[in-house]
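Student: One structure, as C-alpha cells, below. Some questions next.
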Amino acid sequence: MIKIKNIEFAYHTELILKDLNVDFGKGLFSTIIGPNGSGKTTLMNLLTKHKAYKTGSIHINKQKIESYSIESFAKVAAVISQNEQIKFPFTCLDVILMGRKPHIGKFGKYNDDDFEIVHDVMELTDTLCFQDTLVTEISGGEFQRVMLAQALAQEPEILFLDEAFSAMDLAYKLHFLKLIKKLVEEKNMTVISVMHDLNLAYRFSDTICVMKDGIVDGIGQPCHTLTEGRIKSVFGVDVEYIPEKGFLFL
Amino acid sequence: MVSNSYVLKEKLHKNRNKMLIFGLLISLVTVFCVLFFVSKGQAELSFSEVYRVIIGKLMNQPHLFSHIKPYKAAIVMDIRLPRIITALLVGFGLAIAGTVFQSLLMNPLADPYTIGVSTGAAFGAVLAIYLNLYYVTTPVSITLFAFIGALITLGLVLKIATQKGVISTANLVLAGIIVSSILSAGISFIKYASGEDVAAIVNWLMGSLASRSWNHVMIALPLILLGGLICSFFGSDLNAISLGERQARSLGVDVLKVRRILLVAAALITAVCVSVSGIIGFVGLVIPHLLRHGLSTDNRYLIPLSGLTGGLLLLIADNISRLMFVVEVPVGVMMTLIGGPFFISIFIKRNQTM
C-alpha cells in the first residue's frame, strides 16, 4: 500500500530522516510512535504531501506520491491534523459537507449519495446534534469530531491521523478509535496514525512503527515492537507490561 | 436513512433559496434607489422623466424622452448616472475585495487596504496632483497614476512577502505595513512640498465620488466585474482555505495557486476602486462582517451578495453626503464617521457573547 524507500530529509543542515525504509500494509491500522524530535511528524508531512522530499521515494498504491495531483490525492487520502482555530462562523454541517469537495469539484452539486454519505458519517461521529451550531462556538474536542466527520465524508482509502483525538475526552477517544478500527476491518481502510499514548497505540494498532533519531527502530505487531526493553531504550522510561492490562509506568 | 439525509438536503435547499431571495431583494432596492437618487438634487426631476431618459437612451428609443428638456436629460445621463454607477461599482468592489482578503488572511478584521495597495494608489494620485499643479502643462490622469501606483505597490508587497516561492499570510501583512509606511511618508512629503495648494491633495485623499464621469465608469466596470467574477469562481476553494492551509490542501485545493490568483484579483479590484474614488473605508470591513453573521459564511454566496450589498450601501452613503448637507461632505469621511462607531458597537457586542 505505502512503500517508503531510502527517504532522507533535512531542515537546513540537520538531517531529520536518515535513509528511512518502511512499508505500511493495506487495510491495517498502523501507528507511528517515538519521542519528540524522532522524525515522526516529518514523516507524516511527507506522507501527506505537505512537504516534498529530495532523496528516496514514496509509493502509494504503486504510484509515486509526487505523481498525484493535490486534487487526486484528496480522493485517496484524508488527513486530520491538529487544526488552526477557525475564525469564521461556518456551521458544522457546512464544514462536514466540504469533505465531499474532492469528489464533486468546484461547481459540482451535492447529489443524494453525497447527502447520504454525509448523514452517515455525522451519525457515526455523533455530530448530527450540532449540525446548525457554529464551529466557532464548540469545544476543541467537539471540533475534532467535526473534523473526523469531514475526513470520513471524503471516503478515503487512507486516513492519516496526526494526534487527531488529542482534545477529546477519554470516552470519545475510545469510541472513535473503536469506530476507526471497525472501518479498517470492514471497509479495508488503511490508517496511519501518530499517537503519544502507548496503551491506546498497543490496543488498537495492527502495526506499530517505533522511530528514534530519524530511523525506524522497530516495526511489526504491537506485542513484538512495544517491548519493555525498547520503550526503555527509545523513550528512556521504565515500564512494566502487565498482560491483558497494559503498561505501567514506573 | 434516506428520509434522514433528505433533511440535510432540504436544509441546503432552503438555505440557497434564502440567499437567492436576499440577492433579489437587494437588487430590487438598488434599482429603486438608483431611480430615486437620479431624480433628486438641485434640479428636481420626476421618476417617470428619469425612467424615460434612461430606458430611452439604453434602448435607443429617442421618442421616449424627446419631450423632456435636453438639460434634464443631460443631468440624468452625464452628471448623476455616472456618479451613481461609479458608487455602485466601488461599493461592489470594496466589499468583495474585503470578503476575499478576510478569508485569505484568515482574519475577519482585514480589509482591502490591509496589504498597502490603497496607499500605493494614494501615492500615485497625490503625485499626479502635484505634477499637475507645478510641472506639466497638459494635466496627467490622476486615475491612471493611482492605478499604476497600486499595481507597483502590489508587486512590491508580493515580492517582499514571498520567501522561497511561498507567500505566507503573516509576511503579507507585514510587507503591507512596511511598504505603506514608506509611501505614507512620501505622501506627507508631497503635501509639504505643495504648500498652499495642499487642499487639492487632501480632498482627494478623503475619498469622494463627486463629479465622476463615464470615463471613470469605463475604467471601473470591466476591471471590477472581471475581478468579482474571478473571486466568485474560487468561492468553494476559499471556503476550504478559511479552515487553514493544511486542511484546504487535504481537501484537494492547491492553496498556493488559488491564494496567488485571488490576491491579485482582489488587489486589482482595490486598486481600481481607490483610483476612481480615493480612500473609502469600512465598506470592505462592515459588509462582509454583517453578512457573515446575519446570512452565511459560505463564500460561494457571500462574495456576490457582499458585492451587491456593498454597492447599495455606498450608493446610499454617497447620496446622503450629496443631498443632505449644504456643503457636500466627502463620502469617505461620511463612511468612516458612521461606520466607525457602528463597527465599535458590533465589536463590543461580539465580545460580550463570546
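All of the numbers you see were taken from the coordinates with simple rules; none came from a lab. Computed from a prediction, not measured in an experiment: that's the story for all the values here. For neighbour counting, all protein chains shown are included, and Cβ atoms are generated from backbone atoms with ideal geometry for every residue, glycine included.
Student: Quick one: net charge around A:K40, please, counting Lys, Arg +1 and Asp, Glu -1 for every other residue with C-beta under 11 Å from its C-beta.
Tutor: On the way: positive: A:K212; negative: A:D162, A:E163.
So the surrounding residues net to -1.
Student: With a cap of 16 neighbouring Cβ atoms within 10 Å, and only residues DSSP puts in a loop, list the chymotrypsin sites (Phe, Trp or Tyr not before Pro) found in the range B:97-197.
Tutor: B:Y135
Student: For chain B, what is the charge dipole size about the Cα centre, in debye to the nearest 20, if Lys and Arg each add +1 at the Cβ and Asp and Glu each add -1 at the Cβ?
Tutor: 860 debye
Student: Sticking with this one: Just tell me how shielded B:9-15 is by partners: mean number of partner chain Cβ atoms within 10 Å of each residue's Cβ, no decimals.
Tutor: 3
Student: Okay, moving on. Give me the one-decimal nm value for the distance between modelled label points at A:S57 and B:K57, 7 Å along each residue's Cα-to-Cβ direction.
Tutor: Simple spin-label model gives 6.9 nm for this pair.
Student: Residue by residue through the range B:107-115, what is 3J(HN,Hα) from phi via Karplus (6.51 cos²θ - 1.76 cosθ + 1.60, θ = phi - 60°)? Round to whole Hz and write x for glycine and proline.
Tutor: Karplus-based 3J(HN,Hα) across the range B:107-115 equals 9, x, 9, 6, 9, x, 8, 4, 8 Hz.
Student: A follow-up question, please. Here is the link list: A:K26/A:K182; A:K49/A:K182; B:K40/B:K72. Which ones come out longer than 19 Å on Cα distance? Don't skip to the answer; put the middle values down first.
Tutor: Details: A:K26/A:K182 14 Å; A:K49/A:K182 26 Å; B:K40/B:K72 12 Å.
Checking Cα-Cα distances, A:K49/A:K182 exceed 19 Å.
Student: If the elastic network links every pair of Cα atoms under 10 Å, which of B:H289, B:H63, B:H216 fluctuates the most in the Gaussian network model of chain B?
Tutor: B:H63
Student: Give A:K101/B:K257; A:K54/B:K164; A:K75/A:K109; A:K187/B:K11; A:K5/A:K51 a once-over and call out the pairs whose C-alpha atoms are over 26 Å from each other. Walk me through the intermediate numbers first.
Tutor: Numbers: A:K101/B:K257 17 Å; A:K54/B:K164 16 Å; A:K75/A:K109 17 Å; A:K187/B:K11 30 Å; A:K5/A:K51 16 Å.
As for pairs spanning more than 26 Å Cα to Cα, those are A:K187/B:K11.
Student: From the C-alpha coordinates alone, can you work out the Kirkwood hydrodynamic radius of the protein assembly as shown, in Å?
Tutor: Numbers: mean 1/r = 0.0367 Å⁻¹.
For the protein assembly as shown, inverting the mean 1/r across all distinct Cα pairs yields 27.3 Å.
Student: Gain in length, B:K257 to B:F36, computed as 0.36 nm per residue apart minus the alpha-carbon separation, to one decimal in nm? Intermediate values should be presented prior to the final figure.
Tutor: Working: separation 221, 0.36 × 221 = 79.56 nm, distance 4.37 nm.
Computed gain between B:K257 and B:F36 is 75.2 nm.
Student: Once both axes come from the Cα atoms, what is the angle between helix A:140-153 and the longest principal axis of chain A, in degrees from 0 to 90, rounded to 10?
Tutor: With both axes taken from Cα atoms, the answer is about 80 degrees.
Student: How many percent of all Cα-Cα pairs in the range B:161-215 sit more than 13 Å apart?
Tutor: Working: 1067 of 1485 pairs.
For the range B:161-215, the fraction of Cα-Cα distances above 13 Å is 72 percent.
Student: I've got another one for you. Roughly speaking, what % of Cα-Cα pairs in chain B are separated by over 37 Å, rounded to a whole number?
Tutor: Numbers: 14484 of 62481 pairs.
Value for chain B: 23 percent of Cα pairs lie more than 37 Å apart.
Student: Same structure again: Looking only at other chains, what is the average number of their beta-carbon atoms within 10 angstrom of each beta-carbon in B:278-285?
Tutor: Across the residues of B:278-285, the mean count of other-chain Cβ atoms within 10 Å is 0.
Student: In whole angstrom, how far apart do the alpha carbon centroids of the range A:197-250 and the range B:221-282 sit?
Tutor: Distance between centres, Cα-based: 48 Å.
Student: Next question, about the same structure. So if I place +1 on the C-beta of Lys and Arg and -1 on the C-beta of Asp and Glu, and nothing else carries charge, what would the dipole magnitude of the range A:2-249 be about its Cα centre? I want it in debye, nearest 20.
Tutor: Computed charge dipole of the range A:2-249: roughly 800 debye.
Student: In what order do A:C129, A:C92 fall by count of nearby beta-carbon atoms within 10 Å, going from fewest to most?
Tutor: Details: A:C129 10, A:C92 25.
Going from least to most buried by this count: A:C129, A:C92.
Student: To continue, here is another question. Report, ordered by chain and residue number, the aspartates and glutamates lying within cross-link reach of A:K40, taken as a straight Cα distance under 19 Å and ignoring same-chain residues fewer than 8 apart.
Tutor: A:E8, A:E14, A:D19, A:D23, A:D162, A:E163, A:D197, A:D206, A:D213, A:D217
Student: Compute the signed sum of charges (Lys and Arg +1, Asp and Glu -1) over the other residues within less than 15 Å, Cβ to Cβ, of B:L172.
Tutor: Cβ neighbours under 15 Å give a net charge of +2.
Student: Also, quick follow-up: Going by C-beta contacts inside 10 Å, put B:I346, A:I7 in order with the fewest on the left.
Tutor: B:I346, A:I7
Student: Between B:F47 and B:I346, with labels modelled 7 Å along Cα→Cβ, what's the label distance in nm to one decimal, could you check?
Tutor: It is 3.1 nm.
Student: How large is ³J(HN,Hα), in whole Hz, for each residue of the range A:122-128 in order, when computed from phi with the Karplus curve 6.51 cos²θ - 1.76 cosθ + 1.60 and θ = phi - 60°, using x for Gly and Pro?
Tutor: 5, 5, 4, 8, 6, 10, 4
Student: Sticking with this structure for a sec: Please report, largest first and rounded to whole Å, the three semi-axes of the ellipsoid equivalent to the range A:2-249, where each semi-axis is the square root of five times an eigenvalue of the C-alpha gyration tensor.
Tutor: For the range A:2-249, the semi-axes come out at 31, 23, 16 Å.
Student: A follow-up question, please. Would you calculate, for chain B, the mean residue ellipticity at 222 nm contributed by helices, counting each DSSP H stretch of 4 or more residues as -39,500 (n - 2.57) and dividing by all residues, to the nearest 500? Could you put the intermediate results ahead of the total?
Tutor: Numbers: 15 runs with 270 residues, N = 354.
For chain B, the value works out to -26000 deg cm²/dmol.
Student: Let me ask something else. Please give the Cα centre distance for the range A:162-178 versus the range B:115-139, rounded to the nearest Å.
Tutor: Using only Cα atoms to place each centre, the spacing works out to 60 Å.
Student: For a Förster distance of 51 Å, can you work out the FRET efficiency between the beta-carbons of B:F189 and A:S166, rounded to the nearest 0.05? Write down the numbers at each step before the final one.
Tutor: Values: r = 54 Å, r/R0 = 1.05.
Working from the Cβ atoms, E equals 0.40.
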